[in-house]
1. Would you confirm, using the coordinates I've provided, whether Val63 is over 13 Å from the mean Cα position of the chain (by Cα) and either aromatic (Phe, Trp, Tyr) or farther than 15 Å from Leu23 by Cα (or both)?
2. What's the number of the only condition in (1) part of a helix (DSSP H, G or I); (2) hydrophobic (A, V, I, L, M, F, W, C); (3) at pLDDT below 90 that Val76 fails to meet?
3. Would you mind telling me which numbered condition in (1) of a type in the set (A, V, I, L, M, F, W, C); (2) within 9 Å of the chain's Cα centre (by Cα); (3) modelled with pLDDT of 90 or more Val48 fails?
4. Here are the criteria: (1) surrounded by fewer than 14 Cβ atoms within 10 Å (Cβ to Cβ); (2) at pLDDT 90 or above; (3) part of a helix (DSSP H, G or I). Tell me which single one Asp84 does not satisfy.
5. Of everything in region 18-29, what is surrounded by 13 or more Cβ atoms within 10 Å (Cβ to Cβ) and part of a loop (DSSP other than H, G, I, E, B)? Give them in sequence order.
6. So, of the residues in region 30-56 that are acidic (Asp, Glu) and touching a Leu at 6+ places or on another chain (Cβ under 8 Å), which turns out to be surrounded by the most Cβ atoms within 10 Å (Cβ to Cβ)?
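The values are calculated or read from the model by the stated rules, or taken from the named source; none is laboratory data. This structure is a prediction, so every number in the text was calculated from the model and none was measured. Cβ placement follows ideal geometry from the backbone for every residue including glycine, while neighbour counts extend to all protein chains displayed.
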Amino acid sequence: MRSGKHRMLPISANAGLAAGIDLDPDLSEPGRRGYEVLTRAFADENLVLRVSGDTIALAPALVASEAEIACMVEGVDRVLQTLDSGGMRSFCAE
């Protein structure tokens, strides 16, 4: 099953505020795509994410506002678009 929006996402899951996003792995270099998302999210979107191999783990603070969570989700979306297309995006507006 694919998510449809990004070519690297086969499936995602969530429970409460936590979410896991499984990236389509590069079988020649397992974990490479997860590491790319981790480094680009930090450098391009000012986001600190957790990854495990090719799975992104999103777990916002329980005190995070709806706007902060939306900014995080939008930032991850832009990172995935960047990796899909090779372009660059900017920070989420504060």
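1. Yes, satisfied.
2. For Val76, the failing item is (3).
3. Condition not satisfied by Val48: (2).
4. Going through the list (1) surrounded by fewer than 14 Cβ atoms within 10 Å (Cβ to Cβ); (2) at pLDDT 90 or above; (3) part of a helix (DSSP H, G or I), Asp84 breaks only (2).
5. The answer is Leu23, Asp24, Pro25, Asp26.
6. Step by step, filter region 30-56, then rank; the result is Asp54.
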